[in-house]
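The values are calculated or read from the model by the stated rules, or taken from the named source; none is laboratory data. Small disclaimer: the values here were computed from a predicted structure and weren't measured. When we count neighbours, we look across all protein chains shown, and the Cβ atoms used for this are built from the backbone with ideal geometry, even at glycine.
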Amino acid sequence: MDMDYARMHECLMRFLRLMHEPVGITFLFDEKSVEQFRAENEYCEPVRPLTFCQAELGARMEGRTVLLDMKKLWCLDARCCFGVDEVSDAVVRDLLRFGTDEAQVRGFVESKPRMEKAPLAVVMRPLREQKDMPDVVHFCCDNMQAYHLVGDWMAVTGVHPFRPSLCINSAVCGGTAFSYIHGQANLTLACAGSYNSGKMERGEVNVMIPGSHIRAVVERMADRVEKTGGVSITRSGHPFPGADICQNCPLIVFKKREPSGQAS
């Protein structure tokens, strides 16, 4: 089976019942790449400096292709994870609430994933709009959708157990940097920034899949659907990934009662 990106996107939305579009993330490391992208693509740019997860909203929730120049990357945590800035006292002071003292928090910050070469810009676009393989594909999804994505990633890579990487206040930026650096999937909870600025009020989590793995993951899902009739791992053959195991058990029944008007 050979899928293009539009087909992969359509399958993921349908199989997993995603509410947010999967976003392909591509790092541009030199002026030539940035100029070529600007010359060949229709895109949007933030008017004002934004955090990484704020900028990604254009792709994830509005279906736009977004070019984020690192000069407009406002988040200090993202700037450190992407290698744009060095770890500074300002970053450590901003995160003191996450640790017991300054020394511990500095150790936390310095141990975050950090790209060796800083990009000049980042392109974020829905997977269906990809022309070339993205570096990382980011999913904002619920618990069972994440379970299926990670489960199929483990199946196609042979990696088990799955060990995600979560850092303080760097859910999407640090999680993406980790996936890019190590070439493996990642799963992170929403951090304070991604929850508030990333519109994750349904309690979503983040899954990152390396771009080089996404086709195999989607083809694995499609193969399971073809063989069993459904994508669900928890209940084979069921078309809904979050299928209720008890199938609305008839033993769990509630009956409304009116006040009896009597008291002992």
Open item on the list: Considering only segment 78-88, I want to know if a residue exists there that is β-branched (V, I, T), over 21 Å from the mean Cα position of the chain (by Cα) and assigned to a helix (DSSP H, G or I).
Closed with: no
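For every residue, the table says whether it meets (1) more than 27 Å from A121 (Cβ to Cβ); (2) aliphatic (A, V, I, L, M); (3) touching a strand residue (DSSP E or B) at 6+ places or on another chain (Cβ under 6 Å).
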site: R163; (1), (2), (3): yes, no, no
site: G175; (1), (2), (3): no, no, yes
site: A190; (1), (2), (3): no, yes, no
site: R202; (1), (2), (3): yes, no, no
site: S212; (1), (2), (3): no, no, no
Open item on the list: Looking at segment 102-109, can you tell me whether even one residue there is out of contact with any Pro (no Cβ under 9 Å at 6 or more places or on another chain) and within 27 Å of G58 (Cβ to Cβ)?
Closed with: no
Task: Pair list, Cβ < 6 Å and 6+ apart or interchain, from segment 1-22 residues that are among the acidic types (D, E) to residues that are not in a loop (DSSP other than H, G, I, E, B) - done: E21/R60; E21/P126
Open item on the list: As an exercise: evaluate L67 against (1) part of a helix (DSSP H, G or I); (2) within 19 Å of E129 (Cβ to Cβ); (3) within 22 Å of the chain's Cα centre (by Cα); (4) of a type in the set (A, V, I, L, M) and give the number of the one condition it does not meet.
Closed with: (1)
TODO: Quick one: in segment 57-86, of everything that is under 17 Å from S197 (Cα atoms) and free of Cβ contacts under 8 Å to residues at least 60 places away in the same chain, which residue is surrounded by the most Cβ atoms within 10 Å (Cβ to Cβ)?
DONE: L68
Task: Among (1) buried (at least 18 other Cβ atoms within 10 Å of the Cβ); (2) modelled with pLDDT of 95 or more; (3) among the hydrophobic types (A, V, I, L, M, F, W, C); (4) within 27 Å of E45 (Cα to Cα), the one test that V92 misses - done: (4)
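Would it be correct to say that G242 is surrounded by 10 or more Cβ atoms within 10 Å (Cβ to Cβ) and modelled with pLDDT of 80 or more?
no
Is one or more of the residues making up segment 19-27 within 30 Å of P241 (Cα to Cα), in a helix (DSSP H, G or I) and among the hydrophobic types (A, V, I, L, M, F, W, C)? Talk me through it step by step, then tell me what you get.
Of the residues in segment 19-27, the ones within 30 Å of P241 (Cα to Cα) are 19-26.
Narrowing the set further to residues that are in a helix (DSSP H, G or I) leaves none.
Within segment 19-27, not a single residue is within 30 Å of P241 (Cα to Cα), in a helix (DSSP H, G or I) and among the hydrophobic types (A, V, I, L, M, F, W, C).
Tell me the residue from F52, F29, F108 that is in contact (Cβ under 8 Å) with a residue 60 or more places away in the chain and buried (at least 21 other Cβ atoms within 10 Å of the Cβ), please. Step through it out loud before you land on a result.
Working: F29 fails: buried (at least 21 other Cβ atoms within 10 Å of the Cβ); F108 fails: buried (at least 21 other Cβ atoms within 10 Å of the Cβ).
Sole residue among the options that is in contact (Cβ under 8 Å) with a residue 60 or more places away in the chain and buried (at least 21 other Cβ atoms within 10 Å of the Cβ): F52.
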- [ ] Confirm whether V109 is over 22 Å from G211 (Cβ atoms), in contact with a Gly (Cβ under 7 Å, 6 or more places away or on another chain) and modelled with pLDDT of 95 or more.
- [x] no
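Considering every residue within segment 161-169, establish whether at least one is over 24 Å from R64 (Cβ atoms) and in contact with a Cys (Cβ under 6 Å, 6 or more places away or on another chain). First the steps, then the outcome.
Going through segment 161-169, the residues over 24 Å from R64 (Cβ atoms) turn out to be 161-169.
Next, only the ones that are in contact with a Cys (Cβ under 6 Å, 6 or more places away or on another chain) stay: 169.
Checked segment 161-169: at least one residue is over 24 Å from R64 (Cβ atoms) and in contact with a Cys (Cβ under 6 Å, 6 or more places away or on another chain).
Within segment 201-220, count every residue that is part of a helix (DSSP H, G or I) and buried (at least 24 other Cβ atoms within 10 Å of the Cβ).
The first filter runs over segment 201-220 and keeps only residues part of a helix (DSSP H, G or I), leaving 211-220.
From what's left, buried (at least 24 other Cβ atoms within 10 Å of the Cβ): 214, 217-218.
Selection size over segment 201-220: 3.
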Task: Members of segment 254-264 that are modelled with pLDDT of 70 or more and either farther than 30 Å from R235 by Cα or within 38 Å of the chain's Cα centre (by Cα) (or both) - done: K256, R257, E258, P259, S260, G261, Q262
Task: Residue match in segment 206-217 (condition: within 21 Å of E21 (Cβ to Cβ) and over 16 Å from the mean Cα position of the chain (by Cα)) - done: yes
